[in-house]
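Report on the structure given below.
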Amino acid sequence: MKIINNDDSPKLQYSVKRVIAGNIVLEGLTVEGPNAEKHFLKVLDKLVSKQKQSNSASSFDASPSSLLLLEDAIEKYREDIKRERQDLRGIIAVTRTLSILASVVGNIPVTQINQDHIRATLDSFRWWPSNAKATKEFRGLTVTEILNIGRTRPPVEIAASTYNNHLARICAFFSRLDDMEIIESSPCKGVSTRINTSTTQSNRRPLRPAELAAIFNPEEFKKWVKQRPERWWVPQLCLYTGARANEIAQLQLADIATIDGISCITIRVTQKGQKIKNKSSIRVIPLARPLIEAGFLTYVEEVKATGHPRLFPHLAAGHTLYQGDAYYRGYGEKIIQDFCKRLKEMGFEKGVGSHAFRHTFSTNLTKHGIGVADVALITGHTILGAKPDSVHVPGLQTYIDRNECPPELRAIYATISQFNPGIELPVYTPGQFAKALSNNKMFRP
């Protein structure tokens, strides 16, 4: 489509070289007017309907799906994944990728999209400026406008993982259209080759004993924590359980129990605002002796005395409004941001955050000869083909009621007991957070 300027007024012109729909072939067709594209599709739809009426034996598919425009298909796809309650970050990522696809390809019927369109889209990502949507320069601009600016500058060296993620989202979109029989086959076939990242060094790494000692230096640690209980306990629990920071931050007091002398936490979703990554994330994690000796259970009893149901009453389940819908960000966002900021101030390189505790935990156990599958039972990673030996969470209450520790949990406790980060945790002083826990006006639901 293009705009034609003449002596009177500018006109929209929609031209097609060739369109094949069933046994109808249109060549060299041009439609002018303010709604040129819309009128063209309307004419094509009428021709298809008329042919079907005159020839009932025709195999031509006159369904509206054959004229489904790309932007409409993208919007329907986005609504579908929103109904599936996918994570907000995933929805935003899909929106960005498919918006670039629509900008490059144009708003044409999805049945006309071919491999060359996919190649052109994949090539265009090198013109997409880094952090474009978060940069003030591009605020308020359309995807097409941002791409046009990007093309005037040196191309961006896109990370292999970023390229693969864009490709995966595009393939998933067309795979859905293929499954719904809206298109005959995905145009991604033959051009959906991912970049091999098996030899790429990850910026995620375990923390060294000296780094852990600096992080948990009693004097400096207390200065940073102040009257913030979550700052004290979330890093320590992440280190000794291998759990994700958000999993720890959202714990309910009901998720903490002692069974036959073994204290443990349960990672699950029982309340609004809680969330987990996947099915493998549902698990029971015994607490290592250093956490108990550091005074964790003393803190738990102090929180129970407040009557608040959550382990960290001051954390809120933040939410984001995105295109009219509210999405929970989880209870861990604030503490994760705070901890990352502290690490940056301490001189840690970019990319090192709370997740480093998780890598430290798993790497340390692996060095002690613990198998990957056994470590995954604790960390909640998914291991293909591994037997799920973890304690079944819904049945855990039976063991709690009988004060009987199941053998699976005892085995996991034995595994965790081998974790040795090479440091001593700062010891909790009873009543350390008395001021914070006495002001229930600062508590969050």
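Within the set K279/K344; K222/K304; K272/K334; K82/K136; K223/K435, which residue pairs have Cα atoms separated by over 21 Å? Numbers along the way, then the final one.
Numbers: K279/K344 33 Å; K222/K304 23 Å; K272/K334 18 Å; K82/K136 28 Å; K223/K435 16 Å.
Distance filter (> 21 Å) returns K279/K344; K222/K304; K82/K136.
For K189 and A316, a Förster radius of 45 Å and the Cβ-Cβ distance give a FRET efficiency of 0.45, rounded to the nearest 0.05.
Near the amide H of I183, within less than 5 Å, lie the amide hydrogens of D178, all on another chain or at least 5 residues away, with H placed in the peptide plane. The 3J(HN,Hα) values that the Karplus relation (6.51, -1.76, 1.60; θ = phi - 60°) gives for region 428-440 are, in residue order, 6, 9, x, x, 4, 10, 4, 5, 5, 7, 8, 9, 6 Hz. Gly and Pro appear as x.
How much length is gained on full extension from A134 to V300, taking 0.36 nm per residue of separation minus their Cα-Cα distance?
On the way: separation 166, 0.36 × 166 = 59.76 nm, distance 3.99 nm.
Gain in length upon complete extension: 55.8 nm.
Using 20 Å as the cut-off for backbone N distance, which residues of region 312-333 belong to the label zone defined by a point 7 Å from the Cα of R96 along Cα→Cβ? Within reach of a label on R96: 319-330, 333. Highest mean first, the peptides 109-115, 436-442 sorted by other C-beta atoms within 10 Å per residue fall in the order 109-115, 436-442. Under 5 Å from the amide H of S263 lie the amide H atoms of L287, each residue being 5 or more positions distant or on a separate chain, with H modelled from the backbone and absent for Pro and chain starts. Calculated FRET efficiency, T142 to K279, Cβ-Cβ distance, R0 = 51 Å: about 0.85 to the nearest 0.05. Each Lys or Arg adds one and each Asp or Glu subtracts one; over the other residues with Cβ under 15 Å from the Cβ of T320, this totals +4.
The slack in the chain from N439 to R410, taken as 0.36 nm per residue of separation less the alpha-carbon distance, amounts to 6.6 nm.
Label positions at D179 and E79, each projected 7 Å from the Cα along the C-beta direction, are separated by 1.8 nm.
Multiply the residue gap between Q271 and E220 by 0.36 nm, knock off their C-alpha separation, and tell me the result in nm, one decimal place. Don't jump to the answer; show the numbers that get you there.
On the way: separation 51, 0.36 × 51 = 18.36 nm, distance 3.48 nm.
Residue separation times 0.36 nm, minus the Cα-Cα distance, leaves 14.9 nm.
Note on E408, E84: ascending count of other Cβ atoms within 10 Å places them as E84, E408, the fewest first.
With all pairs of different C-alpha atoms in the average, the Kirkwood value for the hydrodynamic radius of region 209-442 is 18.4 Å.
Under 8 Å for C-alpha pairs, at least 6 residues apart: give me the relative contact order for region 70-179, rounded to a whole percent.
For region 70-179, the relative contact order is 29 percent.
Count charges around W224 for me, please; just the other residues with Cβ under 13 Å from its Cβ, Lys/Arg as +1, Asp/Glu as -1. Don't skip to the end; give the middle numbers.
Values: positive: K222, K223, K226, R228, R231, K341, R342, K344; negative: E219, E220, E230, D338, E345.
Within the 13 Å Cβ shell, the charges total +3.
If only the Cβ of Lys and Arg carry +1 and only the Cβ of Asp and Glu carry -1, the dipole of region 178-285 around its Cα centre is close to 440 debye. Database remark: amide H of Q252 closer than 5 angstrom to the amide H of L311 (H placed geometrically; neighbours at sequence offset of 5 or more, or on other chains; Pro and chain starts carry no H).
Only the coordinates and a few stated rules stand behind these numbers; no lab work does. Quick caveat, the model's predicted, so the values are computed rather than measured. All Cβ positions, glycine included, derive from the backbone under ideal geometry; neighbour counts span all protein chains shown.
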